[in-house]
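Working notes, beginning with the structure itself.
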Amino acid sequence: MHNQHAGLSQQVAEQHIHDLQEEAAQARPVQPHRRRILAAVVAIATVGALAGATRLVAPVQATQTPPQVTTTVLAKSVFDRIHVRARADDWRAQLKTRGQSDVHVVDNKLPPGSTTGWHTHPGPSLILVVTGTVTNYTGDDRHCTSRAYTAGTGFIDPGSGDTHMLRNETGAPAETIAVQLLPKDAVRRLPADVPGGCPS
């Protein structure tokens, strides 16, 4: 469409110049200083017409879309009541639930500069950093102190109303895997307001 407008404006400019030249040729002899004036008028008309054509074909710059996190639920299974204890030397573990649970395995890919936004989950999540570095902000910290986690490390998001946000503040892609233990049929992710003094 821009090229059609440009071609039309070019034709109009050329026709206008041609008409002026014909009028000059058919007119009665004029004095040298009038010829100079006529030449100046033709030049101004040419520049104006070509400038208009240039404006019509000027490219429109697209608005840059902020990078988005890609979330994929890799698996979801229902578990009955869980009550398990484990030990090995000085290590101890205990997991206990009441009622049925949904266990989600979720993959998050974070391009450079992307953010998950502030949110919470109705249960705890074990977050494993697979690639790159992610920075975690927690809403229960009144100073909104951040902590960076690199590939091979992980952390626990307690959920249950505790809000947090992940950001990729580096120039390289990052990826996390979250294992989430939630009440059966609960909404997996709930958006939250930005805490005061924290980044969005």
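The values are calculated or read from the model by the stated rules, or taken from the named source; none is laboratory data. Computed from a predicted structure; not experimentally measured. Don't worry about glycine lacking a Cβ; one is built from the backbone with ideal geometry, like all the others, and counts go over all protein chains shown.
Key figures
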read-out	value
Residue that is nearest to Leu110 (Cα to Cα), among those in the stretch 157-200 that are among the β-branched types (Val, Ile, Thr) and crowded, with 20+ Cβ neighbours inside 10 Å	Thr176
Index of the failed condition, Thr145 passing every other in (1) at positive phi; (2) at pLDDT below 95	(1)
Residue within the stretch 163-172 that is touching a residue at least 60 places away in the same chain (Cβ under 8 Å) and in contact with an Asp or Glu (Cβ under 8 Å, 6 or more places away or on another chain) present	no
